[in-house]
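Asker: First, the structure itself, so that you have it in front of you.
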Amino acid sequence: MKKVLLLSALITVFAGFDPSMVRADQQPEMIAEKMAVKFVRGITNTVTSIVELPKQTIITGREMGSVGYIIGPIKGVGMTFYRGVIGMAETIFCMVPQPGYYDPMIDPEYVWQGWEPKRDTSKAVAGN
């Protein structure tokens, strides 16, 4: 029974190794640039996180009407905290290539993105 468990554990470990995950083609300059971008993005998100308060108020008010101006500030406080924590994490861990390969940890990447209203794609376009 131990041999079966050991064999299944080894198969599981080896199945987890994927040679395509190794990024030997990355140049040190590119890696340093991605680290710098992650560091600057982290500082920017930490400093500008307070803008989430009016952003969420405006967006939620636009989507929900007058009720959105009550719910929006609550969402804004939560998003301010969230963007600030994510910004600090990206600043502190700027040398770690996670998530992805120095990809942003939050979407939208910066607070000034994502202000445009959502498009309504549920309505079918009527043919002429």
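Asker: Looking at region 84-107, which of its residues are in contact (Cβ under 8 Å) with a residue 24 or more places away in the chain, buried (at least 17 other Cβ atoms within 10 Å of the Cβ) and part of a loop (DSSP other than H, G, I, E, B)?
Answerer: Result: 94, 102, 104, 106.
Asker: Name, by its number, the condition in (1) modelled with pLDDT of 90 or more; (2) exposed (fewer than 14 other Cβ atoms within 10 Å of the Cβ); (3) not in a helix (DSSP H, G or I) that does not hold for residue 81.
Answerer: (3) is the only condition that residue 81 fails.
Residue by residue, here is whether (1) within 19 Å of the chain's Cα centre (by Cα); (2) of a type in the set (Val, Ile, Thr); (3) modelled with pLDDT under 95 holds:
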{"residue": "16", "(1), (2), (3)": "no, no, yes"}
{"residue": "44", "(1), (2), (3)": "yes, yes, no"}
{"residue": "61", "(1), (2), (3)": "no, no, yes"}
{"residue": "67", "(1), (2), (3)": "no, yes, yes"}
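Asker: Return yes when residue 111 is more than 30 Å from residue 27 (Cα to Cα), in a loop (DSSP other than H, G, I, E, B) and among the β-branched types (Val, Ile, Thr) and no when it is not.
Answerer: The answer is yes for residue 111.
Asker: Within region 100-121, is there a residue that is of a type in the set (Ser, Thr, Tyr), modelled with pLDDT of 95 or more and out of contact with any strand residue (DSSP E or B) (no Cβ under 9 Å at 6 or more places or on another chain)?
Answerer: The answer is no; no qualifying residue exists.
The values are calculated or read from the model by the stated rules, or taken from the named source; none is laboratory data. Keep in mind it's a predicted model, so treat the numbers as computed, not measured. Counting neighbours? That spans all protein chains shown, and the Cβs are built from the backbone with ideal geometry, glycine included.
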